[in-house]
Amino acid sequence: MSRASLRIAAGALLAGVSGLACAQAYTENFDNVGLLAGSGWVIQNNSQPLGPNSWYQGIPVNATPDPGPFDAFNGAPNAYIAANYAATTGSTGVISDWLITPNRTFRNGDVFQFYTRRPTTPAGGTEYPDRLELRLSTNGASTNVGAGASAFGDFSTLLLSINPTLVTNVYPAVWTQYTVTMSGLPAPTSGRIAFRYFVTGAGPSGTNSDYIGVDNVVYTPYVCPAVTVTPSSLPDASWGQPYSQALGQTGALGAPSFAITAGALPPGLTLGAGGTLSGTPTAIGTFNFIVTAHDNSGCSGSRPYAIIVAPLLPAAPQNVTAAAGDAQVVVDWQPVSDGGAPPVTYNATCSGGNVVSGSGEPPLTLTGLVNGTTYTCTVKATNGAGEGPAGVSNAFTPMGNQTITFGPQSGQTYSPGGTFAIDPPASASSGLAVAYGSSTPATCTVSASTVSIVAAGTCTITADQPGDAAWNPAPQVSQSVAIAQASQTLTFPPQTEQTRWFAAGSAFAIAPLASSAKPNSGAPILYSSLTPGICTVSDTTVTMVAAGGCVLAADQAGNDNYAAAPQQVSVVLLVVPTEADLWIQNTVDRPRPALGDTVTYTILVGNDGQADAANVRVLDVAPVRLDPATVVWQCVEAIGTTCPALTPGSAVLDATIASFPKDAALHFEMSGEVIVAADPADDYVEFFNIASVALPKGSGLTDPPSNNQSSAGVQVSDVLFADGFDEAPPAR
């Protein structure tokens, strides 16, 4: 006996009732195979090659002239149906010979039974293996078995295979009953069951295929039993509490599924298909509903239930905190669930120096406490179910709050080692003593009520009162005192020379220098010019730029404690000079030459005045006693100016000096040969070379005339011979 599971697609759902089951049931003993078609049976031989036989009436052992291999299982000896090797031909044929049962609506639990056998193999004989398949079609009344020996058409579900590998000693040699119970159908399904005589290597000469018989086929439809849902009642639930209850059943075929078919579960609960009722109720009350269990064959049973969901007392409030104040407390807590019975109200009670209580939502302020006394508070919640347990706060001590009054302080000025008193003093509303301090120790320090100055800046004085057993510390109060920088004093006396002749680029030293009164910043005194167009200053040296008032400034920088000193000035008047003191000097190297000698004059010209002169004229005409052809002029040296261009071959020096500044000088030389005078009587008379220097006409300068002209005299010597006689007069 064997069983097979079905895995098929859903079909039409048909109600299983006992009347329908009786109408579908059948038993076929094959008393007359010729009448099968009238009962809805179908025979189809798809063997390849096709043989002369298909399913036919069984042959009993007493048949004449050809007896059969065995008699029927029951009834007449030939009351069975048979098939054999002649369904195909040759030795390699494939037998696919179908015997299809009537159309029925199947459901899980239906039972299909039949008997089958092969001939008994005689001793020393040969067994030719056979195979029989039992197949299912769920396609209604279809008899489609496909085309060809290997096809099976709509009969795709193999329910049973006897000797599937075609070996000997497997197919029973005596009548043997096989039973198949339907399972795996999602719902009642219309279809057919078919026998398939299926042998390969078959035929009269084949190695397989012999003779088989089928008898006493019985189809028994499944009848729904009484399905009872358990338990008979369910436990009640509590609001907000997890709930779980497993439902069961008796009588169902296979694993049932559960569902609510009337009424409603409490909100928050669900029923799983497997029968587990679970969740967390979110509403209170009585909830009525019906649970129905369905099995795999469409059978079902129901039971009504009622669940009462009761409310919960509120839980103890959590995270209760008490924040102390001045004779009061602020109590806070985490609100609790309403337990399904709103509203929730709260009451807080605080005990210590006395007892105070109050109702309300968090945070809740309670007054009337005694400062300096330790308290604890309890909070209870109440809903429609009653009052819950208490949540307990931290211990706390209410304290009085105090303030400090501290008036503005007067400003101060930095002085090394300086101090001042705190005035007005600070006072606390508690009447307790106030302590002073400094939050700017780099600027000031405090001892008692005396402030010591450390540096200039903002001195922040703090006033504190730390409190006592009944008073909280007072909030710190501060006052800022401005410590001003100390001043510095510079003294810059008038300059020793308050008026100076201007000369562009010339320099002079500042004298006297400025001085700074002590104490001071220690910074150096720096000098500058407030009139850079007139003069510039580097360190203590002044350089002239233009004529005018040269304003010299003295500055001393400050630091953190000293302000910069007020700038002091001293004025030097730079005056453009108007006097050019021109001078000229004329000398000769041989004041007593002989006739025919060459004499050389040196003419020096200079400017000893304060003014720079321009276009100065130097004039010198060579004496007539010098041979003009021998006169030579040259500029030997120039100091502070340049030599003028001279006219070659000229006996006259008439030069204009374009620039002849203060302290400039020129060195000219003139040489020539002494000749006789025009009048012989004058040959030995002294003659002079006169040189002059002068400013140009219209010059704005003055020049003292005392040294503008210079002469050098020459007198020819009256030469005596060695014998004491006069030299002969020169030839004319």
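The values are calculated or read from the model by the stated rules, or taken from the named source; none is laboratory data. Keep in mind the model is a prediction, meaning the values are calculated, not measured. Counting neighbours? That spans all protein chains shown, and the Cβs are built from the backbone with ideal geometry, glycine included.
Miscellaneous remarks
- Enumeration of residues in region 593-620 that are under 30 Å from D718 (Cβ atoms), β-branched (V, I, T) and surrounded by 15 or more Cβ atoms within 10 Å (Cβ to Cβ): T598, V599, T602, I603
- Meets criteria (in the same structural domain as P304 (by TED's automatic domain parsing), more than 60 Å from the chain's Cα centre (by Cα) and either of a type in the set (A, V, I, L, M, F, W, C) or farther than 30 Å from T116 by Cβ (or both)) for S233: yes
- L160 being modelled with pLDDT under 95 and either buried (at least 16 other Cβ atoms within 10 Å of the Cβ) or assigned by TED's automatic domain parsing to the domain that holds I100 (or both): no
- Residue match in region 53-65 (condition: hydroxyl-bearing (S, T, Y) and not in a loop (DSSP other than H, G, I, E, B)): yes
Condition check ((1) in contact with a helix residue (DSSP H, G or I) (Cβ under 8 Å, 6 or more places away or on another chain); (2) part of a loop (DSSP other than H, G, I, E, B); (3) among the polar types (S, T, N, Q); (4) buried (at least 20 other Cβ atoms within 10 Å of the Cβ)) across all residues:
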| residue | (1), (2), (3), (4) |
| --- | --- |
| G431 | no, yes, no, no |
| T460 | no, no, yes, no |
| A469 | no, yes, no, no |
| P475 | no, yes, no, no |
| I483 | no, no, no, yes |
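- Of the strands (runs of 3 or more DSSP E) lying entirely inside region 134-206, those containing at least 3 residues that are touching a Gly at 6+ places or on another chain (Cβ under 8 Å) are 189-202.
- Residue pairs meeting the criteria (Cβ under 9 Å; at least 6 apart or on separate chains; first of a type in the set (D, E, K, R), in region 109-125; second loosely packed, with under 14 Cβ neighbours inside 10 Å and not in a strand (DSSP E or B)): R117/V174
- Inter-residue pairs, beta-carbon under 7 Å, first at pLDDT below 95 and in region 20-34, second among the basic types (K, R) and surrounded by 18 or more Cβ atoms within 10 Å (Cβ to Cβ), 6+ apart: Q24/R104
- Taking region 234-351 as the region of interest, the strands (runs of 3 or more DSSP E) fully inside it that hold 2 or more residues being closer than 21 Å to P362 by Cβ are 318-324, 328-334, 345-351.
- The residues of region 679-699 that are farther than 30 Å from A655 by Cα and either in a strand (DSSP E or B) or of a type in the set (G, A, S) (or both) amount to a single one, A681.
- Considering residues of region 69-102 that are farther than 19 Å from N45 by Cα and touching a residue at least 40 places away in the same chain (Cβ under 8 Å) only, the residue farthest from the chain's Cα centre (by Cα): A76
- Of the residues making up region 543-571, those that are touching a Leu at 6+ places or on another chain (Cβ under 8 Å) and of a type in the set (S, T, N, Q) are Q556, Q567, Q568, S570.
- Qualifying residue in region 436-457 (condition: within 30 Å of V355 (Cα to Cα), not in a loop (DSSP other than H, G, I, E, B) and not aliphatic (A, V, I, L, M)): no
- Hits in region 253-287 (condition: aromatic (F, W, Y) and over 54 Å from the mean Cα position of the chain (by Cα)): F287
- Residues that are within 20 Å of W501 (Cα to Cα) and not in a loop (DSSP other than H, G, I, E, B), drawn from region 539-568: T541, V542, T543, M544, G548, G549, C550, V551, L552
- For beta carbons closer than 7 Å, sequence separation of 6+ or different chains, a first residue in region 488-516 that is free of Cβ contacts under 8 Å to residues at least 24 places away in the same chain and within 17 Å of V569 (Cα to Cα) and a second that is of a type in the set (S, T, Y) and surrounded by fewer than 13 Cβ atoms within 10 Å (Cβ to Cβ), the qualifying pairs are A511/T496; P512/T496.
- A79 meets the conditions (1) modelled with pLDDT under 95; (2) small (G, A, S); (3) crowded, with 19+ Cβ neighbours inside 10 Å in every case but one. The failed one is (1).
- Candidates Q465, Q479, filtered to the one that is surrounded by 19 or more Cβ atoms within 10 Å (Cβ to Cβ) and within 30 Å of A435 (Cβ to Cβ): Q465
- Residue match in region 127-140 (condition: more than 60 Å from the chain's Cα centre (by Cα) and surrounded by fewer than 16 Cβ atoms within 10 Å (Cβ to Cβ)): yes
- Residues in region 654-678 that are part of a strand (DSSP E or B) and aliphatic (A, V, I, L, M) were compared, and the one that is surrounded by the fewest Cβ atoms within 10 Å (Cβ to Cβ) is A658.
- In region 621-632, the residues that are part of a strand (DSSP E or B) and surrounded by fewer than 22 Cβ atoms within 10 Å (Cβ to Cβ): V621, V632
- Residue in region 607-614 that is in the same structural domain as F660 (by TED's automatic domain parsing) and within 30 Å of V685 (Cβ to Cβ) present: no
Conditions (1) over 15 Å from I212 (Cα atoms); (2) basic (K, R), marked per residue:
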{"site": "A63", "(1), (2)": "yes, no"}
{"site": "Y85", "(1), (2)": "no, no"}
{"site": "R118", "(1), (2)": "no, yes"}
{"site": "T121", "(1), (2)": "no, no"}
{"site": "D130", "(1), (2)": "no, no"}
{"site": "R135", "(1), (2)": "yes, yes"}
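- T367 among the hydroxyl-bearing types (S, T, Y) and within 30 Å of R107 (Cα to Cα): no
- Any chance R107 is crowded, with 22+ Cβ neighbours inside 10 Å, within 25 Å of P204 (Cβ to Cβ) and among the charged types (D, E, K, R): no
- All strands (runs of 3 or more DSSP E) inside region 352-404 with 1 or more residues being of a type in the set (D, E, K, R) and touching a residue at least 40 places away in the same chain (Cβ under 8 Å): 376-383, 386-392
- With respect to the stated conditions, A323 fails to be under 24 Å from Y243 (Cβ atoms), at pLDDT 95 or above and within 46 Å of the chain's Cα centre (by Cα).
- Residue within region 324-345 that is touching an Asp or Glu at 6+ places or on another chain (Cβ under 6 Å), without any contact (Cβ under 8 Å) to a residue 40 or more places away in the chain and at negative phi present: yes
- A Cβ distance below 7 Å, combined with a sequence gap of six or more or placement on separate chains, defines the contacts here; from region 302-316, residues that are within 11 Å of L234 (Cβ to Cβ) reach residues that are of a type in the set (D, E) in the pairs I307/D236; I308/D236.
- Here D555 qualifies as acidic (D, E) and in contact (Cβ under 8 Å) with a residue 60 or more places away in the chain.
- Close pairs (8 angstrom Cβ cut-off, 6 or more residues apart or separate chains): closer than 8 Å to L666 by Cβ in region 600-611, part of a loop (DSSP other than H, G, I, E, B) and charged (D, E, K, R) anywhere: G606/D663
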